[in-house]
Amino acid sequence: MESVQLAQSLKTEAKRLGFEHASICPAVSSASFSNFCEWLDQGFGGEMSYLSERRDAYAHPRHVMDGVRSILMLGMSYQGLPQRTQRRGAGRIASYAVAACDYHDVIWKATTQLAARLAEQQPEVRCRGVVDTTPLLEREFAQLAGIGWQGKNTMLIRKQSGSYFFLAALLVDIELAYDQPMSTNHCGTCTRCLEACPTKAFVEPGVMDARRCISYLTIELRNPIPVEFRNAMGDWVFGCDVCQDVCPWNRFSCEPLREEFRVDEVDSYLDLADLFSLSEDEFKKRFRKTPLWRAKRRGLLRNAAIVMGNQRLPQHIPILLKALDDAEPLVRGAVVWALRQY
């Protein structure tokens, strides 16, 4: 099968599997690798040690799959929920994590099916599907494939659909017909995302200090959240959408092709009191197959206590007092801070 035909066949199959976006670029050295290294050297990655431990692997896609020549970049939409209002007694979840499933599982299954389709057409071709757990600077390659541009909030943005989508890739060891790269940036003079960030996490347009980002603080950080950021967290109990929600391009966001990622606003809140009622086993049963599992019980309760401290509802006082005896020091510390806010 010719390169152009095979490329089109893969794109058609990708869209059938629920990927709204599918474009191809060459597997070349990362043009932004030096910037990535500088970002790490400045400490902006915080405690995400897995980034620095695999630093050199980000230099070229061959470190993900030897012999790779082309990358089919894929985008799968999720439901953005930009108009949410605060709910007393509840914490907000980032839109990408609202679905009652782990997006990794959904996307991994779809990329596996896409790889199987390729194997049927070209048995001799080697390929590897990846989500976001491998050392690949996927936003750079998505831009090289023409899917979108990297905005001032560091997200990949499409004029046609905004930024509410996951990225994945299929690496192959043959040359395919490549798409035109995205060579223009359509953020213009807009700085809404930079100005709206509650913790002022953007060092400059396109550069984020993750140590100040609410998503990092509520998910990746395993230690106590610095006091200076706790009030700014507001009611975010897992992740944050502020810099995406204010982006004008997200008014064009589309309904996801995949049923799993079509959610309602009501699903995007967690009852704070309910979280403190869950045992370790109950927590695992409820969240094990969702993105919220990454924070584990200790992290989610730490976040919930801080949100309680920000909301200062009288009905939460007995719950916080009881949580002073929690087995986790991380939780107890956040609870003490929350009680001091009353």
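Some values worked out for this structure:
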{"item": "Backbone HN-Hα couplings from phi across the range 331-342 [Karplus 6.51/-1.76/1.60, Hz, Gly and Pro as x]", "result": "5, 4, x, 5, 5, 4, 4, 4, 5, 6, 7, 7"}
{"item": "Rounded to the nearest 10 Å², the accessible area of residue 255 at probe 1.4 Å", "result": "120"}
{"item": "Modelled FRET efficiency - R0 35 Å, residue 83 with residue 322, Cβ distances, 0.05 increments", "result": "0.50"}
{"item": "Mean shadow area of the chain over all directions, Cα convex hull, nm²", "result": "17.1"}
{"item": "Surface share of carbon and sulfur [accessible, 1.4 angstrom probe, percent] for the chain", "result": "49"}
{"item": "Which of 284, 152 is most accessible, then next, and so on - probe 1.4 Å", "result": "284, 152"}
{"item": "Links that overshoot a 25 Å alpha carbon limit, given the list 159/289; 289/322; 11/109; 11/152", "result": "159/289; 289/322; 11/152"}
{"item": "Sequence-distant residues sharing a close amide H with residue 208 (under 5 Å, placed H)", "result": "203"}
{"item": "Gyration tensor (alpha-carbon) shape descriptor, the range 99-229, a/c threshold 1.5", "result": "oblate"}
{"item": "Net charge of Cβ neighbours under 10 Å - reference residue 47; Lys, Arg +1; Asp, Glu -1", "result": "+1"}
{"item": "Cα gyration tensor category, rounded, prolate or oblate, for the range 29-128 with a/c compared to 1.5", "result": "oblate"}
{"item": "Spin-label model distance (nm) - residue 33 vs residue 336, 7 Å beyond Cα toward Cβ", "result": "4.7"}
{"item": "Mean Cβ count within 10 Å, highest first, over the residues of peptides 170-182, 87-99", "result": "87-99, 170-182"}
{"item": "Highest-fluctuation residue, 269, 50, 78 considered, GNM on the chain with Cα pairs under 10 Å", "result": "50"}
{"item": "Under 10 Å, Cβ to Cβ, from residue 19 - net charge with Lys/Arg +1 and Asp/Glu -1", "result": "+2"}
{"item": "For residue 281, solvent-accessible area (1.4 Å; no DNA, RNA or ligand), Å²", "result": "120"}
{"item": "Using θ = phi - 60° and Karplus 6.51 cos²θ - 1.76 cosθ + 1.60, couplings along the range 247-257 (whole Hz; Gly, Pro as x)", "result": "6, x, 5, 6, 6, 9, 4, 10, 5, x, 5"}
{"item": "Residue-normalised accessible area of the range 1-55, expressed per residue, 1.4 Å probe, Å²", "result": "51"}
{"item": "Cut-off 9 Å between beta-carbons: net charge of the residues surrounding residue 148, Lys and Arg +1, Asp and Glu -1", "result": "+3"}
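The values are calculated or read from the model by the stated rules, or taken from the named source; none is laboratory data. Everything quoted here is computed from the prediction, not taken from an experiment. All Cβ positions, even for glycine, are placed from backbone atoms using ideal geometry, and neighbour counts span all protein chains on display. Accessible surface is based on the protein model in full, side chains and every heavy atom, while ligands, DNA and RNA are left aside. Shrake-Rupley method; radii C 1.70, N 1.55, O 1.52, S 1.80 Å.
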